[in-house]
1. Can Arg176 be described as assigned to a helix (DSSP H, G or I), closer than 21 Å to Leu265 by Cβ, among the basic types (Lys, Arg) and touching a Pro at 6+ places or on another chain (Cβ under 6 Å)?
2. Give Glu352, Glu374 a once-over and let me know the one that is under 23 Å from the mean Cα position of the chain (by Cα) and not aliphatic (A, V, I, L, M).
3. Filtering the range 391-416 down to residues that are closer than 16 Å to Ala343 by Cα and under 24 Å from the mean Cα position of the chain (by Cα), which residue is modelled with the lowest pLDDT?
4. Pairs only if they're at least six apart or on different chains, beta carbon under 7 angstrom, first in the range 506-522 and touching a residue at least 40 places away in the same chain (Cβ under 8 Å), second among the hydrophobic types (A, V, I, L, M, F, W, C); list them, first residue then second.
5. Mind checking whether some residue in the range 59-78 is farther than 14 Å from Ala22 by Cα, touching a residue at least 60 places away in the same chain (Cβ under 8 Å), surrounded by 21 or more Cβ atoms within 10 Å (Cβ to Cβ) and over 13 Å from the mean Cα position of the chain (by Cα)?
6. Just name the residue that is surrounded by the most Cβ atoms within 10 Å (Cβ to Cβ) out of those in the range 417-441 that are small (Gly, Ala, Ser) and modelled with pLDDT of 85 or more.
Amino acid sequence: MNAPTDFDIGPLTWVKGEIDLALERADRALQAFSASAAEGDGDLTQIRFSRTHLHEVEGALTIVGLDGVTQCAEALESLLEAIEKQEQPAEPSSISLSLRALAALRHYLDDLISGQPNQPLRLLPLYREVQAARGQRRVFPSDLFFPDLRVRPPRRSGPPVKLARREFDYRLRQHRAHFQHGLLSWLRAPKEGAGVPEMLDAVKRIEAIQETPSARVFWWVATAFLTALGERALPADADARQLCSRIDLQTRRLLEGSTNVAERLMRDALYLVGSASSNHPAVRRVKDAYQLAALIPGEVSTAPVAQESLRRRLRDAIAATEETWNRFCAGSTQGLPAFRTNATALSALGEELAHADYYRLLQAIADVANFLAETPSRHSEALAMETATAILLAQNAQENIQYLGDGFAHQVDVMAARIQDCISGNPPQPGSELPSLDDISRQAQEKMLVGQVAREIKSNLAQVEQVLDSFFRDADKRAELNGLEAPLRQVIGALTMMRHDGAVTVLRRCAKDIERFSRSEYVPFGD
């Protein structure tokens, strides 16, 4: 069975662009409200706009099956709705919290796309803040906890005990009475653990008289919970008292003839089992069956949320650095000063990020800019390739920055050394790449090639546009239209190679129109 955190990102990738756009619009609307509030207006229409865009996000998240993230988005929407309806004041702290929550949602989805596990509990600190802002005093971690409830207990060693209904009810009443006696004893002296063994024994006996796996499963999980409770292995903030009361209520429902167990009750019980620091076989079996360790992160931090703004600036700076480097490599002398400016800014952001290895990588890129600024003629094909690879490595690592390990440090060592070799005039020999960098290098080469082709396409299309503009301003320049066949043919060939069939179809239609324009009988604006 796949791990419960092995989320299929396929459906998410299909709607990720729309989700990002809706989150961005929600963010802008809140920013607009803040600006209007600063001027003494406080346009609540902007709150409604933000809430509307957030509701669109919720719909997409529900479709792709991200229940925990949807829960966070719904809580945030409820907060915005209360502000919009003036049920609570639009305090700056609430707007700031809402902006952080939007950034956290985007950050979490970016992590999923980057291959990180689906652990909604990583959003728990922020979720608690949002719920507290709404006036919710009690917030349960299991709100963001969604294990696979299709799991069933292991097979029994022998056939199930089949009881007549009267005998079943008789035994169940006895077991419930024992459970209640143990519960009362424990409530009187919870620190002493009195009564827990009696509750545990009663639940085991109830599980033993259930005939089917689906009827047994809750009592099997409850056995693990009470085992952990007896070992005092539950977290200090665990609400064990409420869960014990709900187990008693479930025995009453069983006496009434219902074997159904509420999904929320199962999730709450499994969360406490997963949070228990017990190695008892009964606890371990449930943890392993539901793979609870993968669902509950070891440490939840709000740091990534605080760094989301920095990460966004970092993304933009990398894109600008890549674009200006490609321009310079394509022969644009103006690209070098712009590249140096962007590389310097990128390095400064890396220092602000406080990630030593990542900063070393960005500093190596800045070293290239400073090296070429002194003498641009020292540029070489090897340096172009190594720098493009370093930029792509920075781009890939940025998307996964908080999870980079020792392997990344080694990649940076190799990358920085290769760049320094190029600067010193001793470029690395072909075939000397680190395997993981070799793949990135190929990607960088492909991106440079595509960028170069795109610039040539834009140049040719600009030429076509200029000639057409001149012709429609002055029909006496008709002869110039004959010179457009070559640039159009080049663009069509490039787009065909890149498999942009739709664009090719449009350009071929344009070529036919231009051929028609070139005929002497054609009169501009005559048709």
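1. So Arg176 fails the test.
2. Working: Glu374 fails: under 23 Å from the mean Cα position of the chain (by Cα).
One residue alone meets the criteria, Glu352.
3. Gln398
4. Ile514/Leu481; Ile514/Leu484; Phe517/Phe471; Phe517/Leu481; Ser518/Leu481
5. yes
6. So in the range 417-441, the residues small (Gly, Ala, Ser) come out as 417, 424-425, 431-432, 436, 441.
Retained after the next criterion (residues that are modelled with pLDDT of 85 or more): 417, 424-425.
Working: Ala417: 12, Ser424: 9, Gly425: 8.
Only one residue tops the list, namely Ala417.
Rundown of residues vs (1) in contact (Cβ under 8 Å) with a residue 12 or more places away in the chain; (2) touching a helix residue (DSSP H, G or I) at 6+ places or on another chain (Cβ under 7 Å); (3) not hydroxyl-bearing (Ser, Thr, Tyr), yes/no style:
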position	(1), (2), (3)
Glu192	no, no, yes
Leu226	yes, yes, yes
Gly230	yes, yes, yes
Ala233	yes, no, yes
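The values are calculated or read from the model by the stated rules, or taken from the named source; none is laboratory data. In this text the structure is predicted, and so the values were computed from the model without any measurement. Because the Cβ atoms are built from the backbone with ideal geometry, glycine has one as well, and the counts that use them run over all protein chains shown.
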